[in-house]
Amino acid sequence: MAAGEPGAVEDGDRKGGLRAALGGLTTRGRSFLAAGLAAAVCAYVLGQGDLLRVGLLLAVLPLVCVTVLYRTRYRVTGTRRLSPSRVPAGAEARVHLRMENVSRLPTGLLMLQDRVPYVLGPRPRFVLDRVESGGRREVSYRVRSDLRGRYPLGPLQLRLSDPFGMCELSRSFSAYDTLVVVPRTVPLPVLRLAGEASGYGDGRQRSLALAGEDDIIPRGYRHGDDLRRVHWRSTARHGELMVRREEQPQRARCTVLLDTRDIGYQGAGPDSAFEWAVSGAASALVHMLERGFAVRLLTDDGNAVPGEGSGGFAGSTQESADSAGLMLDTLAVVGHSGGGGLSRAHDVLRGGNEGLLIAFFGDLDEEQAAVAARMRQRAGAGVAFVLDSAAWAGDEDEAGRAEERLRRLRESGWIAVPVEPGAELPALWQLAGGMRTDSPSAPSGGTTGFTGGWS
């Protein structure tokens with residue numbers, strides 16, 4: 001029963017047969033039937049005709065209710081609408097249900113029950129009074145999850161009951177909807193881009209300088225071209241009709257790298273280090289898209305999202321909201337990878353022309369720290385948020401071993417920021433914006449650095 005798409009249930013449906021209808025007897029109906037049969041047996045043994053009539057009445061009543069409810073024919077349609085269909089973790093979504101009686105007969109008492117995963121809350125149940133022919137009823141309920149993921153809603157079950165409560169029959173709609181719970185994002189401060197990072201700042205400045213301007217690159221006239229685009233100076237020089245061609249300015253690029261290695265994180269749950277990294281990656285990519293960057297999401301196994309356009313970046317013709325939605329949907333279901341290294345992500349990055357690289361790393365051993373150091377040379381600038389998962393998991397014996405890895409990353413040119421348990425990303429973002437790769441806290445190993453952060 002997709003949003004805006006009606007589903008229908010016909011109460012006279014013979015699927016399951018009369019035996020299934022008898023299986024719908026309630027406790028009251030079964031009690032009446034058992035009492036009637038017992039009274040009939042006692043009346044036969046004792047020779048009491050009045051008791052026999054009472055017993056037959058008690059036994060027949062639930063059977064009559066089953067037959068009437070089974071043979072009743074009317075159609076009920078229903079629609080479900082999610083508002084919204086994509087929510088961040090911890091936020092609520094409202095589910096609207098609308099039932100309509102499209103048959104000529106009024107319905108009896110209707111009980112609605114929608115199937116939802118337990119993480120979204122209790123299963124919603126509603127009781128609707130008699131619905132007249134052509135009438136409709138609307139109900140709604142709220143769902144909420146602290147865990148990201150994709151959760152099916154439905155199918156909706158419709159339960160019918162006779163006036164005496166002797167029998168209940170259930171029918172189900174066939175369709176269902178999906179609620180996407182994406183990682184929680186936080187707004188990040190806007191920091192000035194110094195433009196000193198090689199291959200990054202220049203591209204950003206060029207993009208801003210050319211925005212809204214035409215690059216006059218003439219080409220030969222083609223049938224259907226607007227004559228107002230004719231470039232007469234080039235036409236006179238080439239001796240043939242030439243038209244102006246608009247070239248779209250190149251957008252500054254940003255890659256958000258998420259380390260999903262299973263061995264890189266300890267613990268689980270909404271407050272774990274891995275969930276912080278996922279939420280941080282979501283916040284970073286949304287922020288950079290809002291600042292006009294062409295952004296892609298890259299994981300340690302080499303998968304890039306959205307994966308379209310040059311190098312897998314969100315192309316300039318794509319709407320930022322669509323690109324953000326695609327990447328957030330991916331982060332909603334991302335889990336730990338079985339791989340043990342960052343080499344595949346390193347291979348995806350090209351040499352020095354990938355713009356800004358924002359990475360969220362888990363625990364790095366000596367080998368993976370070396371790969372991350374080489375990865376920095378394939379980007380114009382690099383900012384790394386390094387999580388010590390042992391500290392997040394409360395393992396004091398293993399905590400504190402990330403200092404050597406941070407030093408190595410900084411020597412290779414990364415702006416490396418340690419992430420303590422419970423740290424807030426906006427504060428770390430501000431801290432990274434004020435760091436230089438040649439500062440004492442970040443020993444120089446690269447050729448350039450940020451003096452004022454990035455936009």
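Against the test of being modelled with pLDDT of 85 or more and closer than 25 Å to A282 by Cα, the options R148, R80 yield a single qualifying residue, R148. For the condition under 30 Å from L387 (Cα atoms) and either in contact with a strand residue (DSSP E or B) (Cβ under 9 Å, 6 or more places away or on another chain) or at pLDDT below 70 (or both), D262 qualifies.
The residue pairs whose first member lies in region 165-183 and is farther than 20 Å from E92 by Cβ and touching a residue at least 40 places away in the same chain (Cβ under 8 Å), whose second member is surrounded by fewer than 18 Cβ atoms within 10 Å (Cβ to Cβ) and among the acidic types (D, E), and whose beta carbons are closer than 9 Å, counting only pairs six or more residues apart or on different chains, are R171/E10; R171/D13; A175/E5. Just to verify a result, which residue in region 151-177, among those that are of a type in the set (A, V, I, L, M, F, W, C) and surrounded by 20 or more Cβ atoms within 10 Å (Cβ to Cβ), is modelled with the highest pLDDT? Taking the candidates together, the pick is L153. Within region 224-238, one or more residues are assigned to a loop (DSSP other than H, G, I, E, B), of a type outside the set (G, A, S) and modelled with pLDDT of 80 or more. In region 133-145, the residue that is farthest from L97 (Cα to Cα) out of those that are modelled with pLDDT of 90 or more and not in a strand (DSSP E or B) is S145.
A quick yes/no check of all residues on (1) touching a helix residue (DSSP H, G or I) at 6+ places or on another chain (Cβ under 6 Å); (2) assigned to a loop (DSSP other than H, G, I, E, B); (3) modelled with pLDDT of 90 or more:
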| position | (1), (2), (3) |
| --- | --- |
| R408 | yes, no, yes |
| A423 | no, yes, yes |
| L428 | no, no, yes |
| G446 | no, yes, no |
| F450 | no, yes, no |
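Only one entry in V180, V131, V119 is touching a Ser or Thr at 6+ places or on another chain (Cβ under 7 Å), open to solvent by 30 Å² or more (accessible area, probe 1.4 Å) and either over 30 Å from P62 (Cβ atoms) or not polar (S, T, N, Q) (or both), namely V119. Scanning region 416-428 for residues that are within 24 Å of the chain's Cα centre (by Cα) and open to solvent by less than 20 Å² (accessible area, probe 1.4 Å) turns up just one, L425.
Pairs linking a residue in region 74-95 that is surrounded by fewer than 17 Cβ atoms within 10 Å (Cβ to Cβ) and aliphatic (A, V, I, L, M) to a residue that is at pLDDT below 90 and in a strand (DSSP E or B), with Cβ atoms under 6 Å and 6 or more positions apart or on different chains, do not occur. Y141 satisfies every condition listed in (1) over 30 Å from V278 (Cα atoms); (2) touching a residue at least 24 places away in the same chain (Cβ under 8 Å); (3) not hydrophobic (A, V, I, L, M, F, W, C) except (1).
Scanning region 305-346 for residues that are part of a loop (DSSP other than H, G, I, E, B) and modelled with pLDDT under 65, we see that the one that is surrounded by the fewest Cβ atoms within 10 Å (Cβ to Cβ) is T317.
The values are calculated or read from the model by the stated rules, or taken from the named source; none is laboratory data. As the structure is a computational prediction, the values presented were derived from the model and not from experiment. For neighbour counting, all protein chains shown are included, and Cβ atoms are generated from backbone atoms with ideal geometry for every residue, glycine included. Side chains included, ligands, DNA and RNA excluded: accessible areas come from the protein's heavy atoms. Shrake-Rupley method; radii C 1.70, N 1.55, O 1.52, S 1.80 Å.
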